[in-house]
Amino acid sequence: MMKPSATVITFGPFRLVADKRELWRDEVLLKVRAMPLLVLAYLAQHPERVIPVEELRKAVWGGTRVGSGAIRGCVREIRQALGDEATAPHYIETVGRHVLEPQLSREILELPHRHTVFRPYATGRHRH
């Protein structure tokens, strides 16, 4: 399980203080739950890198079993706090497909999994 670091990570108007589990927008402390903040901290510590969902799961939750819905919920909460949108991402981009049900056929399970990329410099680039 990921331990919060003492690092302060700044990006755009945001400041993430991982060890205090705080996310600030300029001088305003944003209300974000602990697990989404840990997910954001992990993504922010690996900028511009594609993070497979399984890596994120292991890094943040360790050996605790957690479903894909919980991970998606954390990413959704982070996006909401950052004012980011999945359809036009500035900070967090999801790449690829995600398999929700492990009992699906082998052919479906071999589809690429969902990955997440954190972009600390809001470039304003949108995917079409």
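The values are calculated or read from the model by the stated rules, or taken from the named source; none is laboratory data. No experiment lies behind these values; they were computed from the predicted model shown. Cβ: placed from backbone, ideal geometry, glycine included. Neighbour counts: every protein chain shown.
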Residue hits (the stretch 47-60; within 29 Å of Pro13 (Cβ to Cβ), assigned to a helix (DSSP H, G or I) and in contact (Cβ under 8 Å) with a residue 24 or more places away in the chain) are Val53, Leu56, Ala59, Val60
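Would you check which residues across the stretch 23-59 are touching a Phe, Trp or Tyr at 6+ places or on another chain (Cβ under 6 Å) and among the hydrophobic types (A, V, I, L, M, F, W, C) and list them?
Filtering the stretch 23-59 down to residues touching a Phe, Trp or Tyr at 6+ places or on another chain (Cβ under 6 Å) leaves 25, 43-44, 47, 59.
Those that are touching a Phe, Trp or Tyr at 6+ places or on another chain (Cβ under 6 Å) and among the hydrophobic types (A, V, I, L, M, F, W, C): Leu43, Ala44, Ala59.
For the stretch 24-39, name all the residues that are over 26 Å from Gly62 (Cβ atoms) and surrounded by fewer than 14 Cβ atoms within 10 Å (Cβ to Cβ).
Scanning the stretch 24-39 gives Asp26, Glu27, Val28, Leu29.
Filter the stretch 73-93 down to residues that are touching a Ser or Thr at 6+ places or on another chain (Cβ under 9 Å) and either without any contact (Cβ under 8 Å) to a residue 24 or more places away in the chain or farther than 21 Å from Arg21 by Cβ (or both), then give me how many there are.
Within the stretch 73-93, residues that are touching a Ser or Thr at 6+ places or on another chain (Cβ under 9 Å) and either without any contact (Cβ under 8 Å) to a residue 24 or more places away in the chain or farther than 21 Å from Arg21 by Cβ (or both) number 3.
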Any chance Thr64 is more than 11 Å from the chain's Cα centre (by Cα) and at pLDDT 90 or above: yes
For the stretch 22-36, what are the residues that are in contact (Cβ under 8 Å) with a residue 40 or more places away in the chain and of a type outside the set (D, E, K, R)? Leu23, Leu30, Val32, Pro36
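Listed here are the residues, each with its yes/no results for (1) farther than 15 Å from Phe118 by Cα; (2) of a type in the set (Asp, Glu).
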| site | (1), (2) |
| --- | --- |
| Lys31 | yes, no |
| Ala34 | yes, no |
| Ala41 | no, no |
| Pro52 | no, no |
| Thr64 | yes, no |
| Gly69 | yes, no |
| Glu77 | no, yes |
| Asp84 | no, yes |
| Ala88 | no, no |
Top-ranked residue of the stretch 71-96 - restricted to ones that are surrounded by 18 or more Cβ atoms within 10 Å (Cβ to Cβ) and among the β-branched types (Val, Ile, Thr), ranked as nearest to Ala59 (Cα to Cα): Ile71
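If you scan the stretch 1-47, which residues turn out to be polar (S, T, N, Q) and either at pLDDT below 85 or under 15 Å from the mean Cα position of the chain (by Cα) (or both)? If you could, list the steps in order and put the result at the bottom.
Step one: filter the stretch 1-47 for residues polar (S, T, N, Q), giving 5, 7, 10, 45.
Matches in the stretch 1-47: Ser5, Thr7, Gln45.
Residues to consider are Arg57, Arg21; find the one that is over 16 Å from Phe118 (Cα atoms), touching a helix residue (DSSP H, G or I) at 6+ places or on another chain (Cβ under 9 Å) and surrounded by 14 or more Cβ atoms within 10 Å (Cβ to Cβ).
On the way: Arg57 fails: over 16 Å from Phe118 (Cα atoms).
The conditions single out Arg21.
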